[in-house]
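Colleague: The structure that follows is given in the form of structure tokens.
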Amino acid sequence: MSPPPAIRLSGICKRFGTVQANDDVSLEVDEGSVHGIIGENGAGKSTLVSILSGHYTADKGAIELFGAPVKLTSSADAIAQGIGMVHQHFMLVPNFTVLENLMLGMATGQILKASRASVREQLLEMERTYNLAVDPDGVVEDLPVGLQQRAEILKALIRGGRILILDEPTGVLTPDETDRLFESLAVLKARGVTILLITHKLREIMAITDNVSVMRQGKMVAHRKTSQTNRQELAELMVGRTVRHVANEVPAKPGGVALKAEGLSFIEGGVRRLDDVSLTLREGEIVGIAGVAGNGQSELLACLSGIKAPHEGIISVGGQTISRAAPTDPKRMRRLGIAHVPEDRRREGLVMAFQAQENAVLGQLQEARGGRRWLLATRRMGARCAELMGRFDVRPPDPRLRAAGFSGGNQQKLVLAREHGSHPKVLLVGQPTRGVDIGAIEFIHARLLELRDQGCAVLLVSVELDEILALSDRIIAMNAGRIVGEVDGANADRGTVGLMMAGIATGSERKERVA
């Protein structure tokens, strides 16, 4: 007789108001396997794993773990049953050490020192068992993102986790950190840990999972052995139609210079984050910035958008010159025709407690004011937001819903709709599809190409090399804050761009980079 599955969900239903988030969902996950759950943003994946991790209680249905029925009414219940959840946005205290974060909720005695020693010993044993080394005395906010995620995994395991749920685990990781995560997951699987992987990245599903289940509009629509399916079938199951791969197939027609940066340098914390960066953006082209996160791309976006002032160099845009001696701010840059889709939509692109209609006018309040000078015309705001939501397929299309109530992909579409709708001369866009499902990726890519074809200059920063290759008319690679090479988008390949990302210049050596 075969052993019972590690997880069996039967007829799970969950409703939020008028939204049926989970509709009669059933799932079985084999013990000691990696099982993927995929689906578009808003398909019900996060609700399902929130029920499994005790954050929500199902309205209907049954849960069995290792053959035994269980009731999970809180996260404490889930932890007691051996379920550990690693959220997309880490749940660590930034100014605590790794050890202190692991101790939260685990201190067992009145003498804290004894508990600290006990947890340290357990942590070292976990590191040896699962090959998850991390400095226990390292302060979380000082650690690379990959090690912060490792600390989250250890936090789940040290509490007795036999089932590990990972929600979009690679959304904030570099390619190298992703590879290391997958190596760790392989070790965990070999040690008998059951892993439930929630992701939208089909490449990763095919690379690491044993089985995959597909959700659409709150329902479970398919189960497949990974070895017996492919990315195209899974994509079509996710969205319920044939998915068109959006690529830059029409040659750009670059026009005049829209923005020019010369010799930009930016220093922070004693480190030169940008080092003598020069580039030119022309109307009607997409320039992709390739590079591993942390190599100056974020600082470049911040300087070009007016958030930060460069220490050296100048920016020329709209007949104006910006420098350390003549600084600017985001408001002025907007007036010069520069729109900005920031890399972190939650911290920099949206006010999560604001309604969608309020977020839709951030930076554009002039259009939202009514007859009185400082009053907002809420009816006009709502109508404008509804129109943007319709054009960009934001779901649910409710202008009064707070930003926190939307899925990550719909939050991203709301930000892009706002910036796209300002009819910019230059669009600075950072990580446009981070944490976004394949249907939304297709949509966002199409809108960026549409904007380019309307004459906008687009600067695209992404750690997704496939995205850079698919969309860019020119590709510039950054390493250690410097531009190390440039290639024409039509002739670029992963090998060439990868070498440049590693700091090996293979493209043009000119400091000023113009197609």
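The values are calculated or read from the model by the stated rules, or taken from the named source; none is laboratory data. The shown structure was predicted, so the numbers you read here are calculated from the model rather than taken from an experiment. Every residue, glycine as well, gets a Cβ built from its backbone with ideal geometry; the counts of neighbours run over all protein chains shown. Accessible surface is based on the protein model in full, side chains and every heavy atom, while ligands, DNA and RNA are left aside. Shrake-Rupley method; radii C 1.70, N 1.55, O 1.52, S 1.80 Å.
Colleague: Given Cβ point charges of +1 (Lys, Arg) and -1 (Asp, Glu) and nothing else, what value in debye, to the nearest 20, does the dipole of segment 1-151 about its Cα centre take? Please list the in-between numbers first.
Modeller: Numbers: 11 positive and 17 negative charges, 65 e Å.
Taking the Cα centre of segment 1-151 as origin, the dipole is about 320 debye.
Colleague: For segment 449-491, just say rounded, prolate or oblate: build the C-alpha gyration tensor, square-root its eigenvalues into a ≥ b ≥ c, call rounded for a/c under 1.5, and beyond that prolate if a/b exceeds b/c, oblate if not.
Modeller: On the way: a/c = 1.89, a/b = 1.76, b/c = 1.07.
Prolate is the answer for segment 449-491, as a/c is 1.5 or above and a/b outweighs b/c.
Colleague: For the chain, with only Lys/Arg (+1) and Asp/Glu (-1) charged at the beta-carbon, what is the dipole magnitude about the Cα centre, in debye rounded to 20? Write out the running numbers ahead of the final one.
Modeller: Details: 62 positive and 60 negative charges, 353 e Å.
Magnitude of the dipole: close to 1700 debye.
Colleague: Tell me the accessible surface of ASP23 in square angstrom (1.4 angstrom probe, heavy atoms of protein chains only), to the nearest ten.
Modeller: Surface open to solvent at ASP23 totals about 50 Å².
Colleague: Which lysines, if any, have their Cα less than 16 Å from the Cα of LYS201, not counting same-chain residues under 8 positions apart?
Modeller: Partners within reach: LYS45.
Colleague: Sticking with this structure for a sec: Along the positive direction of the dipole of the chain (beta-carbon charges: Lys, Arg +1; Asp, Glu -1; about the Cα centre), which of ILE315, GLY495, VAL394 reaches farthest?
Modeller: VAL394
Colleague: Additional query: For helix 175-190, what angle does its Cα long axis make with the longest principal axis of the chain, in degrees from 0 to 90 and rounded to 10?
Modeller: With rounding to tens, the tilt is 10 degrees.
Colleague: While we're here: Find which of THR209, ASN41, GLN411 sits farthest along the positive direction of the dipole of the chain, computed with +1 on the beta-carbon of Lys and Arg, -1 on that of Asp and Glu, about the Cα centre.
Modeller: Checked the options; the winner is GLN411.
Colleague: Keeping all protein chains in the complex and leaving out DNA, RNA and ligands, what accessible area do you get for ILE205 with a 1.4 Å probe, in Å² to the nearest 10?
Modeller: 0 Å²
Colleague: List the trypsin sites (Lys or Arg not before Pro) in segment 373-420 that DSSP assigns to loop (not H, G, I, E or B) and whose Cβ has at most 15 other Cβ atoms within 10 Å. Which are they?
Modeller: Values: sites: ARG373, ARG379, ARG380, ARG384, ARG391, ARG400, ARG402, LYS413, ARG418; in loops: ARG373, ARG400.
Those satisfying the criteria are ARG373, ARG400.
Colleague: Let me ask something else. May I ask you to give the solvent-accessible area per residue for the chain, in square angstrom, as obtained with a 1.4 angstrom probe?
Modeller: Working: 22820 Å² over 515 residues.
Ligands and nucleic acids excluded, the figure is 44 Å² per residue.
Colleague: Here's something else I'd like to know. Based on DSSP, what percent of beta bridges with both residues in the chain are antiparallel, to the nearest 5?
Modeller: Numbers: 46 of 82 bridges.
Rounded to the nearest five, the antiparallel share is 55 percent.
Colleague: Still on this structure, I have one more. If you fit an axis through the alpha-carbon atoms of helix 438-453 and take the longest principal axis of the Cα set of the chain, what angle between them do you get, 0 to 90°, nearest 10?
Modeller: 0 degrees
Colleague: Let me ask something additional. With the Cα gyration tensor of the chain giving a ≥ b ≥ c as the square roots of its eigenvalues, does the rule (a/c under 1.5 for rounded; else a/b larger than b/c for prolate; else oblate) give rounded, prolate or oblate?
Modeller: Details: a/c = 1.71, a/b = 1.46, b/c = 1.17.
It comes out prolate by the Cα gyration axes.
Colleague: At 1.4 Å probe size, put MET501, MET1 in order of accessible surface, largest to smallest.
Modeller: MET1, MET501
Colleague: Still on this structure, I have one more. Ordering CYS303, CYS13 by how much accessible area each has at a 1.4 Å probe, largest first, what is the list?
Modeller: Values: CYS303 0, CYS13 20 Å².
Highest to lowest solvent-accessible surface, that is CYS13, CYS303.
Colleague: For the chain, give the percent of accessible area contributed by carbon and sulfur heavy atoms, probe 1.4 Å, rounded to a whole number.
Modeller: Numbers: 11430 of 22820 Å².
Of all accessible area on the chain, carbon and sulfur atoms account for 50 percent.
Colleague: Of LYS60/LYS189; LYS331/LYS425; LYS331/LYS413, which pairs sit farther than 26 Å apart, going by alpha carbon to alpha carbon? Before the final figure, lay out the partial values.
Modeller: Numbers: LYS60/LYS189 31 Å; LYS331/LYS425 15 Å; LYS331/LYS413 22 Å.
The pairs that break the limit, which is 26 Å between Cα atoms, are LYS60/LYS189.
Colleague: What does the charge count near HIS340 come to, summing +1 for each Lys or Arg and -1 for each Asp or Glu among other residues with Cβ under 11 Å from its Cβ?
Modeller: On the way: positive: ARG334, ARG418; negative: GLU343, GLU348, GLU419.
Residues close to HIS340 contribute a combined charge of -1.
Colleague: Related question: Test of the criteria: in segment 186-252, which GluC sites (Glu not before Pro) are in a DSSP loop and have at most 16 other Cβ atoms within 10 angstrom of their Cβ? It would help to have the intermediate numbers written out before the result.
Modeller: Details: sites: GLU204, GLU233, GLU236, GLU249; in loops: GLU249.
Those satisfying the criteria are GLU249.
Colleague: Would you list which aspartates and glutamates come within 14 Å of LYS71, measuring only between C-alpha atoms, while excluding same-chain residues fewer than 8 positions from it?
Modeller: ASP59
Colleague: Turning to a different aspect of this structure: Would you work out which of VAL134, GLN148, MET85 lies farthest towards the positive end of the dipole of segment 1-160, given +1 charges on the beta-carbon of Lys and Arg and -1 on that of Asp and Glu, about the Cα centre?
Modeller: Projecting each Cα onto the dipole axis, the largest value belongs to MET85.
Colleague: Students sometimes get this wrong: rank ASP493, ASP437 by accessible area, probe 1.4 Å, all chains present, largest first.
Modeller: ASP493, ASP437
Colleague: Could you give the angle, 0 to 90 degrees to the nearest 10, between helix 378-391's Cα long axis and the longest principal axis of the Cα atoms of the chain?
Modeller: Roughly 80 degrees, rounded to the nearest 10.
Colleague: Okay, next question. Classify segment 240-319 from the C-alpha gyration tensor, please: rounded if a/c falls under 1.5, else prolate or oblate depending on whether a/b exceeds b/c.
Modeller: Values: a/c = 2.94, a/b = 1.55, b/c = 1.90.
Judged from the Cα gyration tensor, segment 240-319 comes out oblate (a/c at least 1.5, b/c at or above a/b).
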